[in-house]
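The structure under discussion appears below in the form of structure tokens.
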Amino acid sequence: MMHTKHFPLVLSLCFLTGCTSFPEWKMTEAEALQDFSRAGVAYKEIDTNKGSEAAIHSVSVGCPGNTEKDVLVFIHGSPGNWIHFWRYMKDPDLLSTFCMIGLDRPGFGSSPGPLPDVDGQAKRILNSLYSILSKTPKRKLVLVGHSYGGPVAARIAALEENGVTHLVLLAAALDPEKEELKWYNRAANTGLARSILPADLLTSNMEMLPMKEQLLAIESDWKKLKAEVYIVQGGQDTLVSPENLDFARRMFPSRSILREIYLPEEGHFLPWKNFSTVKGLLLEISEKRNSAPSPQEK
């Protein structure tokens, strides 16, 4: 039995990593796929590099053969999985507009790992997208990254021949100077914590420990971004500093940020609490003209 003195650690980690009332946080993959079926949403499970350590598991919806629709890719935070964007992937308006792909980052869901490396994850995910999109016609490629998924998405958009046309960052942790380890990160790295915490929380903490140094290492590459950037940030976010918005303004290429949505009274859980705002932004992007080639056009 867990000693009562350890309750504060567990409760703090629970709060900080998403023990919330949002159904997406409690839903299993089987339940999410069953829900798609009941709603008449055709889906496809995709496992690129299956059987290897580089495998990435994803689920696509709204992607019939030879579709001309734009591609929308969701990259979740830490911890998480593709189900965190289940509500978007079943939305009729988004389904009629986009071919949507939700993926499990390395070490989460059904993707093997862990891989606590922003750059390494970006390259692995981009290779997976190449495999999925290589035979599809020309269209936009929109990446949505939340929290830790934000720098992963942005890193993808800064790699060579990435094909990303639009980048949407939701409470994205970009500024290395704001990534100081908290007491619970150190506590979760002890033998005791590793014996009582679930695997996804341990994987999440593994990602947090080297994050500051990793962001410093890729900081100069933000000038390579060619995608149009959209940023949504909450002013009351206690997990990702709102000052990350200022960092993006300084470090991203001039005029690359097309729109900023600053929500002064909102916190970290933007994809769920502010669904209408994020959905509206995605539909706004769908109405814009293509501005860059996607991976399949190499």
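The values are calculated or read from the model by the stated rules, or taken from the named source; none is laboratory data. No experiment lies behind these values; they were computed from the predicted model shown. Note that we place each Cβ from the backbone using ideal geometry, even for glycine, and neighbour counts take in every protein chain shown. Accessible surface areas use protein heavy atoms only, side chains included; no ligands, DNA or RNA. Shrake-Rupley method; radii C 1.70, N 1.55, O 1.52, S 1.80 Å.
Conditions tested, residue by residue: (1) among the β-branched types (V, I, T); (2) touching an Asp or Glu at 6+ places or on another chain (Cβ under 8 Å).
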position: I56; (1), (2): yes, yes
position: V61; (1), (2): yes, no
position: N81; (1), (2): no, yes
position: H84; (1), (2): no, yes
position: M89; (1), (2): no, no
position: D93; (1), (2): no, no
position: T97; (1), (2): yes, yes
position: P114; (1), (2): no, yes
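Here is a yes/no grid of residues against (1) in contact (Cβ under 8 Å) with a residue 60 or more places away in the chain; (2) in contact with a Pro (Cβ under 9 Å, 6 or more places away or on another chain); (3) surrounded by 18 or more Cβ atoms within 10 Å (Cβ to Cβ):
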position: S111; (1), (2), (3): no, no, yes
position: P114; (1), (2), (3): yes, yes, yes
position: L143; (1), (2), (3): yes, no, yes
position: N162; (1), (2), (3): yes, yes, yes
position: W183; (1), (2), (3): no, no, no
position: L201; (1), (2), (3): yes, yes, yes
position: M208; (1), (2), (3): yes, yes, yes
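For the range 172-181, does any single residue satisfy the condition of being over 21 Å from A248 (Cα atoms), in a helix (DSSP H, G or I) and not polar (S, T, N, Q)?
No: zero hits.
Report every pair of residues separated by at least 6 positions or lying on different chains whose Cβ atoms are under 8 Å apart, first residue within the range 37-52 and within 15 Å of G65 (Cα to Cα), second at pLDDT below 95 and exposed (fewer than 11 other Cβ atoms within 10 Å of the Cβ).
Partner pairs satisfying both residue conditions: A42/P64.
Criterion first (closer than 22 Å to P23 by Cβ and touching a Leu at 6+ places or on another chain (Cβ under 6 Å)) does W82 satisfy it?
For W82, the condition - closer than 22 Å to P23 by Cβ and touching a Leu at 6+ places or on another chain (Cβ under 6 Å) - is met.
Collect the residues in the range 71-109 that are open to solvent by 10 Å² or more (accessible area, probe 1.4 Å) and of a type in the set (D, E), keeping them in residue-number order.
D91, D93
Working only within the range 194-240, note down all residues that are farther than 25 Å from P114 by Cα and among the small types (G, A, S).
Hits for the range 194-240 are S220, A227, G234, G235.
One residue is enough: does the range 6-20 have a residue meeting the conditions of a type in the set (S, T, Y) and modelled with pLDDT of 95 or more? Break it down stepwise before answering.
Going through the range 6-20, the residues of a type in the set (S, T, Y) turn out to be 12, 17, 20.
In the following step, the residues that additionally are modelled with pLDDT of 95 or more were identified as none.
No, the conditions are met nowhere in the range 6-20.
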